[in-house]
Structures are given as structure tokens and as C-alpha cells.
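Accompanying notes for the structure given below.
The values are calculated or read from the model by the stated rules, or taken from the named source; none is laboratory data. The model shown is predicted, which means the values in this text are computed figures rather than measured ones. Heads up, the Cβs are rebuilt from the backbone with ideal geometry, glycines too, and the neighbour counts pull from every protein chain shown. SASA here: full protein model, heavy atoms, side chains in, ligands and nucleic acids out. Shrake-Rupley method; radii C 1.70, N 1.55, O 1.52, S 1.80 Å.
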Amino acid sequence: MSNIDSDVLLRAYAYGVFPMAESRDDPQLYWIDPDARGILPLDAFHVPRRLRRTVRQQPFEVRIDTAFRDVMLGCAEGGPNRNGTWINDRILALYCELHERGRAHSVECWREGRLVGGLYGVSLGAAFFGESMFSRETDASKVALVYLVARLIAGGYRLLDTQFVTSHLQQFGAVEISRNAYRAKLFEATAMTANFYSLPLDAPPDAVLQSVTQMS
């Protein structure tokens, strides 16, 4: 797929497919269109009790879109139980271009001036496609996910695509649905509008938690 650019990438997302590489060093990209698709229903998002306490304690400074490329690089790091090596240089460049166009966003957890975790994804209409997350400190990616969901709910999003369902995501309520069911939700959501910045950037933890629980 040597001719892929950010416009092609957005059209692919609108149709229900996404690119991956075999490894960090593989220059090739492959379209993925799984039979079963992972989603995280925004009206059934579950925050475990211990994580609620962590969010209220504010162990991290949560920022939005201040270090998108660094978040992607964090997600591409190898390590135990990490499956992030599919982010190659072409994916890095493509998604950074989407970010520059306002179509991709990052949620970042910082401590003492260091990026310690976060996630990134693509926004299209009222659909958000979660791409990857990482943690360098305990619970950093989980806190980022809570803040993401609060932001999506506040902004009127209708679909949070997780691509696949992992045990990590199941604890928050992620489920698998068929390709046809996914596309029906996708086409409905992408025909709508949403605002990623509706939630104030300095929203306090209680407001974040209230946002994610009022839908469930």
C-alpha cells in the first residue's frame, strides 16, 4: 500500500477497515477487517472501584494533544506483554498527519514533567477509533482511558471502536460484535457530528467520573 495517505486512511476508517504493520521494522501496511469487532459501549462503561479512587487522587496531570507523536512512540515500545510493535514509521507519519489535521488525538498522563502513559486514536464524525495505549507507571493508561471516555460522552460521540477485545479492555465493558453490526453502528456514528473538546481541558476528577457514570 505505497499510495496510502491520510485521505485514504480516513476513507478506510469510514468503511470499517484499518491498517497495521507486521512489525516495527516492516515497511509494509496491511488492511485489517476482522470478522468480529471490539467496541466499548459508552453507555455501559465500567470504572472499577479501585480505579475510581486512583482518578480522584490525581496521581497524574492529564493533558490532551500536547505530545501526540511521543504517545505514539510510547505505544510502539516493546516490553513484557506489549503488543505495540505493529506501529512502524509509515503509521507514525500517517497518524501524525491526521493529528495535524485535527482528526487524531492523544490523551496523556504526565508526572513531574515526564510522559508516563497515554493513548491515541482517530476521530471521524461521532466515532472514535482507539488505536493503542501504553503505561510507564501503574494505571497511567487506565486513567487516560477514563478521561477519554468522559471526553467522548461530553462531546456527543456514539461509538468507541477498540478494534479487538483484550482482557484489559473487558474489565471496562468492551464487547465483540459482528462485522455487519459494527458497520451499522459505524455508518450511523460517522454521519453525526461530535466535539472532542467539549469537556474542559482542566476538568476536575469528580466531573470526569460523573460524566462516565451518568451514561451507565
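Values computed for the structure shown
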{"quantity": "1.4 Å probe accessible area per residue over region 83-216, in Å²", "calculated": "42"}
{"quantity": "Table column - 3J(HN,Hα) (Hz), region 115-132, Karplus curve with 6.51, -1.76, 1.60, x for Gly and Pro", "calculated": "6, 10, x, x, 8, 8, x, 10, 10, 8, x, 9, 10, 10, 10, x, 9, 6"}
{"quantity": "Cleavage-rule hits, trypsin sites (Lys or Arg not before Pro), region 1-102, DSSP coil, Cβ neighbours within 10 Å at most 16", "calculated": "Arg24, Arg82, Arg101"}
{"quantity": "When region 59-213 is reduced to its Cα atoms, the Kirkwood hydrodynamic radius in Å", "calculated": "15.9"}
{"quantity": "Mean ellipticity per residue at 222 nm, deg cm²/dmol - from DSSP H runs of n ≥ 4 across the chain, formula -39500 (n - 2.57)", "calculated": "-11000 deg cm²/dmol"}
{"quantity": "Distant alpha-carbon pairs in region 1-46 (separation over 17 angstrom), percent", "calculated": "47"}
{"quantity": "Net charge, Tyr95 excluded, C-beta distance under 13 Å - Lys, Arg +1, Asp, Glu -1", "calculated": "-3"}
{"quantity": "Among Leu160, Leu29, Leu186, residue whose mean-square fluctuation peaks in a GNM of the chain (springs only between Cα atoms under 10 Å)", "calculated": "Leu29"}
{"quantity": "The chain: relative contact order as a whole-number percent, Cα under 8 Å and 6+ apart", "calculated": "28"}
{"quantity": "Under-5 Å amide H pairs with Gln163, H placed in peptide plane, nonlocal only", "calculated": "Gly38"}
{"quantity": "Loop-located trypsin sites (Lys or Arg not before Pro) in region 135-167, at most 16 other Cβ atoms within 10 Å (DSSP)", "calculated": "Arg136"}
{"quantity": "Carbon/sulfur fraction of accessible area - the chain, other protein chains in place, 1.4 Å, %", "calculated": "47"}
{"quantity": "Surrounding net charge for Val47, when Lys and Arg each add one and Asp and Glu each subtract one, Cβ distance under 15 Å", "calculated": "+4"}
{"quantity": "Student exercise, region 149-216 dipole from Lys, Arg, Asp, Glu Cβ charges, in Debye to nearest 20", "calculated": "260"}
{"quantity": "Gap separating the Cα centres of region 1-56 and region 145-161, nearest whole Å", "calculated": "15"}
{"quantity": "Amide N of region 24-59 lying under 11 Å from the label point, which is placed 7 angstrom from the Cα of Ala181 along Cα→Cβ", "calculated": "36-39"}
{"quantity": "Listed residues Leu51, Gly38, Val62: farthest to the positive end of the dipole of region 1-126 (Cβ charges)", "calculated": "Leu51"}
